Amino acid sequence: MSKPEDVIKQIRRSEATKVKVAVTDLDGVLRGKVMHVDKFLSAAESGFGFCNVIFGWDSSDQAYDNVEYTGWHTGYPDAKVNLDLSTFRTIPWDQHIPFFLGDFVDDQDRPLAICPRQLLKQILAQAEVAGMYPMVGVEFEWFNFRETPLTLAEKGHARPEPLTPGMFGYSLLRSGYERDFFNALYDQMGEFDIPIEGLHTETGPGVYEAAIAAAEALESADRAVLFKAGAKEIANRFGFTASFMARWNNQLPGCSGHLHQSLRNADNVNLFYDAADPLRMSPIFKSYLAGQMRCLPEILPLFAPTVNSYKRLVEGFWAPTRVTWGRDNRTVCMRVIPGSEKSTRLELRVGGADINPYLAIAAAIAAGLYGIENKLELTEPMTQGSGYLAKNATRLPRNLAEATEAFAKSAIARELFGDKFVDHYAATRMWEWQQYQKSITDWELKRYFEII
């Protein structure tokens, strides 16, 4: 339904007594509430208040002490959220309750600079002015465990039991062992307007991969956010836990959050495709890719937002460590997939499953547009072999502190995302690093407790 009034009419005609509404914080965590349908109808017209602590605490609800936007110094007032009625869905695993996403605005009803969904909409507006409409498809890998939040807490999150044992990628046998869970994921996500193109086991105990059907970039980001939240809820119904952390075990590969991208014009023509080019790459595609390669080292926290993200970005574990590109090469950072006019696209492989989809997609598109606007020229590709051996390629920052320092100092980041967002987001990532620095890990206890 394209018209807001049609959505409101449907809610009024339905037997719904309550509605779920949600936003995301900077970590991409879905935060929301259940509203009485009468309250929703009022909020749909004039917005509603949502405590601005959502941008003032971390993923563990610990209040930041280093941000200006909100804190004890502000009293944590409400911020206004405007509901986006085009996001209307019903939740198939929760009584088919109507569901909507919203956007934060400031006191003047302007987009809030630090709201992730608003940042993506800002970047997409810039693309539209240039006559370009980004299409994105998101792929997630994630591990599933025979655990609940209670059992994990009782075990101190140590030695969680995977859903299935061993390494068995693309296994119909393994997916059949928990057939009801596997089918519920596929079928109920489709009912939730999150169409899945492919769902299979990956190489690792209890790990699945889902390819979410490509869509216009904002819809794709919405789908990705809701997929992660929905997978957790569906898993919980079966007594399982779905984990999207970037890497949970030092013996196993991490979990990716790959972004497949193309640009379309108003006639839905793929602007990346050029039949005359050996790699089917148009000049626009080449400059777009060059922009991502130029910007990536300075905007990496938008793709690798946690301390754990960098445990995935190590050599030999199916994640890139250097700024490289190549044709259909899964060891490089940016994989060009040449094909037909419909299928030619770019796969950005740096992000993990822990991405905030709004921020990662916004960063990818903004960097690509930067390359087009500045007519950046593309370097030579990795023609064959391992991207880990490209010693002349730029090495990505090795940890969250290094990446955040580069981001905070980056003139490009400030040009693309604005000072308010860069300052706030950099402060939150540095907070994350400082919390890690204070912690004592199992590795340290095992290594030093007795011997040193």
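The values are calculated or read from the model by the stated rules, or taken from the named source; none is laboratory data. From a predicted model like this one, the values you see are computed outputs, not experimental measurements. Here Cβ is always computed from backbone atoms with ideal geometry, including for glycine, and neighbour counts include all displayed protein chains. These accessible areas exclude ligands, DNA and RNA; they are computed on the full protein's heavy atoms, side chains included. Shrake-Rupley method; radii C 1.70, N 1.55, O 1.52, S 1.80 Å.
Can you tell me how many residues in region 350-360 are in a helix (DSSP H, G or I) and either in contact with a Ser or Thr (Cβ under 7 Å, 6 or more places away or on another chain) or over 23 Å from residue 309 (Cβ atoms) (or both)?
1
Against the definition (closer than 25 Å to residue 318 by Cβ, open to solvent by less than 40 Å² (accessible area, probe 1.4 Å) and either under 23 Å from the mean Cα position of the chain (by Cα) or at pLDDT 95 or above (or both)), how does residue 143 come out, yes or no?
Working: closer than 25 Å to residue 318 by Cβ: yes; open to solvent by less than 40 Å² (accessible area, probe 1.4 Å): yes; either under 23 Å from the mean Cα position of the chain (by Cα) or at pLDDT 95 or above (or both): yes.
The answer is yes for residue 143.
If I ask for residues that are surrounded by 16 or more Cβ atoms within 10 Å (Cβ to Cβ) and free of Cβ contacts under 8 Å to residues at least 24 places away in the same chain, which ones from region 277-302 would you list?
282
Among all residue pairs at least 6 apart or on different chains, which show Cβ distances below 7 Å where the first residue, located in region 94-117, is at negative phi and the second is among the aromatic types (Phe, Trp, Tyr) and open to solvent by 10 Å² or more (accessible area, probe 1.4 Å)?
98/88; 100/88; 114/69
Pick from region 379-435 the residues that are surrounded by 15 or more Cβ atoms within 10 Å (Cβ to Cβ) and of a type in the set (Lys, Arg): which of them is farthest from residue 310 (Cα to Cα)?
The qualifying residue farthest from residue 310 (Cα to Cα) is 414.
Give the residue that is nearest to the chain's Cα centre (by Cα), with candidates limited to residues of region 302-312 that are within 11 Å of residue 350 (Cα to Cα) and part of a helix (DSSP H, G or I).
302
For residue 332, are the conditions met, namely being part of a loop (DSSP other than H, G, I, E, B), under 26 Å from residue 209 (Cβ atoms) and open to solvent by 10 Å² or more (accessible area, probe 1.4 Å)?
Judged against the criteria, residue 332 is not a match.
Among the residues of region 250-267, what is the count of those that are assigned to a loop (DSSP other than H, G, I, E, B) and touching a residue at least 40 places away in the same chain (Cβ under 8 Å)?
7
Would you pick out the residues in region 190-220 that are under 18 Å from the mean Cα position of the chain (by Cα) and free of Cβ contacts under 8 Å to residues at least 12 places away in the same chain?
Listed by number, the list holds a single entry, 219.
Can residue 223 be described as within 30 Å of residue 85 (Cα to Cα), in contact (Cβ under 8 Å) with a residue 12 or more places away in the chain and surrounded by fewer than 19 Cβ atoms within 10 Å (Cβ to Cβ)? Spell out how you get there, then give the answer.
Values: within 30 Å of residue 85 (Cα to Cα): yes; in contact (Cβ under 8 Å) with a residue 12 or more places away in the chain: yes; surrounded by fewer than 19 Cβ atoms within 10 Å (Cβ to Cβ): no.
For residue 223, the condition - within 30 Å of residue 85 (Cα to Cα), in contact (Cβ under 8 Å) with a residue 12 or more places away in the chain and surrounded by fewer than 19 Cβ atoms within 10 Å (Cβ to Cβ) - is not met.
Which one of 86, 46, 60 is hydroxyl-bearing (Ser, Thr, Tyr) and in contact (Cβ under 8 Å) with a residue 60 or more places away in the chain?
Only one candidate passes the filter, namely 86.
Out of 100, 88, I need the residue that is hydrophobic (A, V, I, L, M, F, W, C) and either closer than 29 Å to residue 303 by Cβ or touching a Ser or Thr at 6+ places or on another chain (Cβ under 8 Å) (or both). Which one?
That would be 100, the only listed residue that is hydrophobic (A, V, I, L, M, F, W, C) and either closer than 29 Å to residue 303 by Cβ or touching a Ser or Thr at 6+ places or on another chain (Cβ under 8 Å) (or both).
Out of (1) modelled with pLDDT of 95 or more; (2) part of a loop (DSSP other than H, G, I, E, B); (3) of a type in the set (A, V, I, L, M, F, W, C), what's the single condition that is false for residue 293?
Going through (1) modelled with pLDDT of 95 or more; (2) part of a loop (DSSP other than H, G, I, E, B); (3) of a type in the set (A, V, I, L, M, F, W, C) one by one, residue 293 breaks only (2).
Output the number of the condition that residue 174 fails; it satisfies all remaining conditions of (1) under 26 Å from residue 189 (Cα atoms); (2) open to solvent by 50 Å² or more (accessible area, probe 1.4 Å).
It fails just one condition, (2).
Please find, within region 63-82, the residue that is most open to solvent (accessible area, probe 1.4 Å) out of those that are touching a residue at least 24 places away in the same chain (Cβ under 8 Å) and outside any loop (DSSP other than H, G, I, E, B). Explain how you work it out, then say what you get.
Let us first name the residues in region 63-82 that are touching a residue at least 24 places away in the same chain (Cβ under 8 Å), namely 64-69, 76-82.
Okay, now just the ones that are also outside any loop (DSSP other than H, G, I, E, B), so 78-82.
Numbers: 78: 107, 79: 10, 80: 70, 81: 1, 82: 45 Å².
Looking at the filtered set, the residue picked out is 78.
Exactly one of these conditions fails for residue 306: (1) in contact with a Lys or Arg (Cβ under 6 Å, 6 or more places away or on another chain); (2) open to solvent by less than 60 Å² (accessible area, probe 1.4 Å); (3) not hydrophobic (A, V, I, L, M, F, W, C). Give me its number.
The number of the failed condition is (1).
Given 274, 193, 187, 180, which one is touching a Ser or Thr at 6+ places or on another chain (Cβ under 6 Å), at pLDDT 95 or above and surrounded by fewer than 20 Cβ atoms within 10 Å (Cβ to Cβ)?
On the way: 193 fails: touching a Ser or Thr at 6+ places or on another chain (Cβ under 6 Å); 187 fails: touching a Ser or Thr at 6+ places or on another chain (Cβ under 6 Å); 180 fails: touching a Ser or Thr at 6+ places or on another chain (Cβ under 6 Å).
Every option except 274 fails the conditions.
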